[in-house]
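Notes follow the structure.
We did not get these values from a lab; they are worked out from the coordinates using the rules stated. Everything numeric here is computed off the predicted structure, so don't read it as measured data. Neighbour counts run over all protein chains shown; Cβ positions are idealised from the backbone, glycine included.
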Amino acid sequence: MKKFLIVLCLFAATAMAAAAQEKFPMITIPDDVTEPLARARYLSDHFWENVDFDTASDALIEEGLSELMPILRIVDYDAVTASWTAAVKQAEGSKTGVAHLLTVCRRVLNDPAADTYDEERYRALLHAALVSKKISKADKEPFQRDLVMLEVNNVGATATDIEMVGADGGKMKLSDVNTPVTVLFLYEPGAVDSKLERFRLSQARLTNYLMKAGGLTVVAVACTSDAALWEKNRGDIPAEWTSGYDASGSIAAEGLYDLRVMPRLYLLDEKKVVLLKNTDSDGIEAYLYDILQSAARQQQAAAEGQAAAEGQTAAEGQAVEGASAAE
């Protein structure tokens, strides 16, 4: 019995030691770095320095990511790039470190079903990691495919033109829309999530206001080549929207848009440049509100400037009249 207790205690001690070892080895920020953003930048730059990728488990890396991601969401993009570059350099100290880091990050950051889904930071990691010579060509391939998809229709790029077939059988392209703003709604006909987001978008106040004023078009494209399925659910789409279905199936087949999660919403300008990618109705409303507020401020400033100029002109005229009267 005594021997059994000793073995049990040794087992418990080993388990506790392993658990302690699994705790992510956080760095210490120097005391003289006091400004909050400076502390965040220092932490993002040095975050992985105490990690030994030869022994780091998936759980350890995931724990680190849970601490790092809130930081990477408040620093600028250059800091994000620098942080991932430093992470890759640290991982290169291990033969399989870079591939290991990418594998865990792919599961944590590139799974749309995960709460930690963050394709922007994952894309930045891929740019930093795929140039490393410490990852084999075979190991790179799945991440290269990820990067190709993540580079499609990014903010600032022109959205890929797509063709749809409408209720009358006629064909129409996204590029045919000529309003200042376009909301592209890619959806799965009959799916609950698509119905919910369609309802939210149909109730969005600014979106509807601009649409009625002729400044915005909602283009709803059913991502299916099944005409019967689309026809069965066509009534879900408001009559005021421009709608159709992908009869050729090219959106999915050619990877024109990322359809891993449905629906997908994009906000485009008059030239079809992407303003918002993979957003939702709330994100669109917030963006439109900011645009309208900015326009209102500009109009107010212009009106105040004009009023001031007119006042100055009037004052100068009165001064001239006064001088003439004095003479």
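Things worth noting here:
- Folded to 0 to 90 degrees: helix 137-150 orientation relative to the chain principal axis, Cα: 20 degrees
- Of all DSSP beta bridges in segment 163-286, antiparallel share, percent nearest 5: 50 percent
- Simple point charges give the picture: +1 on the Cβ of Lys and Arg, -1 on the Cβ of Asp and Glu, and for the chain a dipole about the Cα centre of about 1360 debye.
- Electrostatic bookkeeping for Phe24 treats Lys and Arg as +1 and Asp and Glu as -1; over the other residues with beta carbon under 10 Å from its beta carbon, the sum is -3.
- Cα-derived Rg to Rh of segment 69-190, Kirkwood definition: 1.10
- The chain: angle of helix 77-91 to the longest principal axis, Cα-based, in degrees nearest 10: 10 degrees
- Residue order for Leu201, Leu292, Leu265, fewest other beta carbons within 10 angstrom first, comes to Leu292, Leu265, Leu201.
- Based on C-alpha pairs under 8 angstrom that are at least 6 apart in sequence, segment 20-150 has a relative contact order of 23 percent.
- Residue-normalised convex hull volume from the C-alpha trace of the chain: 267 Å³ per residue.
- Mean sequence separation of contacting Cα pairs (under 8 Å, at least six apart), scaled by the length of the chain, corresponds to a relative contact order of 13 percent.
- Each residue in Tyr42, Tyr289, Tyr122, Tyr187 was given a count of other beta-carbon atoms within 10 angstrom of its own, and listing them fewest first yields Tyr289, Tyr42, Tyr122, Tyr187.
- Helix 192-202 vs. the chain, principal-axis angle (Cα, 0 to 90°, nearest 10): 30 degrees
- Cβ-defined net charge surrounding Ala91, 11 Å radius [Lys, Arg +1; Asp, Glu -1]: 0
- Equivalent ellipsoid of segment 163-286: semi-axes from √(5λ) of the C-alpha gyration tensor, largest first, are 20, 15, 15 Å.
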